[in-house]
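*Asks:* Quick one: the structure is below, and I'll ask about it shortly.
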There are 2 protein chains.
Amino acid sequence: MRTSGFKNTLLKALDGDVIERLRLQPVKFELKHEIENPGNPIDRLYFLEEGMASMTTTFKDGSQVEVGMFGYESVIGVSALMGTKKSLNRVYTQIAGHGYSCQVEDAKREFRLGGAFQFLALRYVQAQLVQAMQSAGCNAKHSFEQRLARWLLLCADRAHVDTFKISHEFLADMLGGRRPTISTTAGILKRKGLIEYTRGEIHILDVPGLTKASCECYLIIKDYLDNYTKFDSTITS
Amino acid sequence: MRTSGFKNTLLKALDGDVIERLRLQPVKFELKHEIENPGNPIDRLYFLEEGMASMTTTFKDGSQVEVGMFGYESVIGVSALMGTKKSLNRVYTQIAGHGYSCQVEDAKREFRLGGAFQFLALRYVQAQLVQAMQSAGCNAKHSFEQRLARWLLLCADRAHVDTFKISHEFLADMLGGRRPTISTTAGILKRKGLIEYTRGEIHILDVPGLTKASCECYLIIKDYLDNYTKFDSTITS
DNA sequence: CAATCTTTGTACGGTACCTGACATAACTCG
DNA sequence: CGAGTTATGTCAGGTACCGTACAAAGATTG
């Protein structure tokens, strides 16, 4: 285990003895696997290594909106460390992948020691908070084209891929819009040569171009998710 | 000090010895006082007892949107406990009031003890996260009338008042809309007999009615902010 | 390979909110 | 009390996105 072939940002930053105490177990995530469901007890924490999962709020009318993304930097279930016993929101896989999991009890015990694990978990919660707050502002002020571009970029970053299977229908759900709106908006990005796609598969062609088409929110969120383990990242400076 | 005449939810839940270690100092907040500014170092934590403060994200074009509200339940600056040295967002008073403050160092020392203060601070961060996530969804899906009603109710709850000085201009900034849109929307609520207002002063007349005019987001956020100190609130059950 | 299902393109009337402008009313200060 | 300032009402043209519907094209199944 020791000097870690981990791809997960948080696990990679931990010493071997901490890793051992967490008693990690490898897990696979198929597509659309429900990792958390609102109201269900959280009994394991998940550290993604590959793949991507979304957290969504579901409204009474059944519609949902994405409020957070999880990739190789993630710890899913941190709220269990914050005194919440039950899951707040739905979390499910958008891109199949794998990672590690541990028991909440082991994580809590390690958290209470007040060492690196606590520090990193708290920093990650902070990053999640930034993500949610920036999204709140973004959803209020920015256009669909900007938000779609932002989503595609973040997704690609989180999962370390530039091609992924996702339908317009799902994108509409994530962004809180309608499917036809996504189709036209995606069409615009396609005509601009920034992406290409066919039936459920999207391929990103031009990252700088997409970044320009998106809003400042992309880089702000990316920065926090990429750098939360570093003490003197651009975040803190 | 002991059995606490505190109105602040978190302070009220702490034992006298913890309170003493925090070395609180009373503070007054005039209107539009800037408590935190993005990039500035956080050197004190603030516990509001009366009044209300908003946290906003500011975009490059100068516009801003509210991403969180602080009232008698609040701890402003918790992110300093999470390993962030500098403030993430602007926080400033919307309704003048007062409260207590303590040095970040004292709060950090207390936090590290892993007792009640840590537990409550983490629970509060959790509540803030819920607030931000719910706002993200709400801003994407709900109408201006719903969101205005939600804002007015939350504001009244946080500050324990049913009348407050706020202009349409400011409301527009908070909700991420335009002033004329607020004017017409507020006019609708007024004609429905839910609120009344004159030049910068809003008075809430009918809370149940406003609740109906708002979206589910109001009660969800209110529930978390009201109950985060209780272990078995509706949140966790 | 026909039948079905899923995904995408597209169109069209409707609505919510924007943008900017102008008018009015209330408060403030000289 | 008159002049300036601030807050609100309102309007009109424009745009972004909704809501719904339907057609077409790729994928899947029997």
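*Asks:* Quick one: which residue in A:197, A:124 is more than 10 Å from DNA strand C (Cβ to nearest atom), more than 19 Å from residue A:59 (Cβ to Cβ), hydroxyl-bearing (Ser, Thr, Tyr) and surrounded by 14 or more Cβ atoms within 10 Å (Cβ to Cβ)? So that I can check it myself, show each step before the final result.
*Replies:* Working: A:197 fails: more than 10 Å from DNA strand C (Cβ to nearest atom).
On inspection, the qualifying residue turns out to be A:124.
*Asks:* Among the residues of the stretch A:204-220 satisfying the criterion of being over 26 Å from residue A:47 (Cα atoms) and outside any helix (DSSP H, G or I), which is nearest to DNA strand D (Cβ to nearest atom)? Walk me through how you get there before you give the answer.
*Replies:* Going through the stretch A:204-220, the residues over 26 Å from residue A:47 (Cα atoms) turn out to be A:205-216.
Right, trim to outside any helix (DSSP H, G or I) and you get A:205-206, A:214-216.
Values: A:205: 19, A:206: 21, A:214: 13, A:215: 11, A:216: 16 Å.
Going through the qualifying residues, I end up with A:215.
*Asks:* Exactly one condition in (1) among the hydrophobic types (A, V, I, L, M, F, W, C); (2) away from DNA strand D (no atom under 13 Å from the Cβ); (3) more than 14 Å from chain A (Cβ to nearest Cβ) is false for residue B:189; which is it?
*Replies:* If we test residue B:189 against (1) among the hydrophobic types (A, V, I, L, M, F, W, C); (2) away from DNA strand D (no atom under 13 Å from the Cβ); (3) more than 14 Å from chain A (Cβ to nearest Cβ), just (2) comes out false.
*Asks:* Would a scan of the stretch B:204-215 turn up a residue that is loosely packed, with under 14 Cβ neighbours inside 10 Å, free of Cβ contacts under 8 Å to residues at least 12 places away in the same chain and more than 25 Å from residue B:63 (Cα to Cα)?
*Replies:* The initial filter retains those residues of the stretch B:204-215 that are loosely packed, with under 14 Cβ neighbours inside 10 Å, namely B:208, B:212.
After this cut, where a residue has to be free of Cβ contacts under 8 Å to residues at least 12 places away in the same chain as well, the list is B:208, B:212.
The next check asks that each one be more than 25 Å from residue B:63 (Cα to Cα); those that pass are B:208, B:212.
Looking for residues that are loosely packed, with under 14 Cβ neighbours inside 10 Å, free of Cβ contacts under 8 Å to residues at least 12 places away in the same chain and more than 25 Å from residue B:63 (Cα to Cα), one finds at least one in the stretch B:204-215, hence yes.
*Asks:* Ok, one more. So residue A:223 ticks every box in (1) over 21 Å from the mean Cα position of the chain (by Cα); (2) surrounded by fewer than 18 Cβ atoms within 10 Å (Cβ to Cβ); (3) assigned to a helix (DSSP H, G or I) but one. Which box is left unticked?
*Replies:* (1)
*Asks:* A further question on this structure: Quick one: which residue in A:39, A:77 is of a type in the set (Gly, Ala, Ser), on the phi > 0 side of the Ramachandran plot, under 17 Å from the mean Cα position of the chain (by Cα) and in the same structural domain as residue A:96 (by TED's automatic domain parsing)? Talk me through it step by step, then tell me what you get.
*Replies:* Working: A:39 fails: under 17 Å from the mean Cα position of the chain (by Cα).
So the residue among A:39, A:77 that is of a type in the set (Gly, Ala, Ser), on the phi > 0 side of the Ramachandran plot, under 17 Å from the mean Cα position of the chain (by Cα) and in the same structural domain as residue A:96 (by TED's automatic domain parsing) is A:77.
*Asks:* With more than 7 Å from every other protein chain (Cβ to nearest Cβ), of a type in the set (A, V, I, L, M, F, W, C) and within 15 Å of residue B:66 (Cα to Cα) as the only criterion, which of B:138, B:102 stands out?
*Replies:* On the way: B:102 fails: within 15 Å of residue B:66 (Cα to Cα).
Criteria check complete, one pass: B:138.
*Asks:* Scan the stretch A:82-97 and give yes if some residue there is modelled with pLDDT of 95 or more, farther than 24 Å from residue A:165 by Cβ and touching a Lys or Arg at 6+ places or on another chain (Cβ under 9 Å), otherwise no.
*Replies:* no
*Asks:* Can you confirm whether the stretch B:105-128 contains a residue that is under 17 Å from residue B:214 (Cβ atoms) and either aliphatic (A, V, I, L, M) or not in a strand (DSSP E or B) (or both)?
*Replies:* Here is the first cut: in the stretch B:105-128, the ones under 17 Å from residue B:214 (Cβ atoms) are none.
Within the stretch B:105-128, not a single residue is under 17 Å from residue B:214 (Cβ atoms) and either aliphatic (A, V, I, L, M) or not in a strand (DSSP E or B) (or both).
The values are calculated or read from the model by the stated rules, or taken from the named source; none is laboratory data. Remember, predicted model here, so these are calculated numbers, not experimental data. Positions of Cβ are generated from backbone atoms using ideal geometry, with glycine treated the same way; all protein chains shown enter the neighbour counts.
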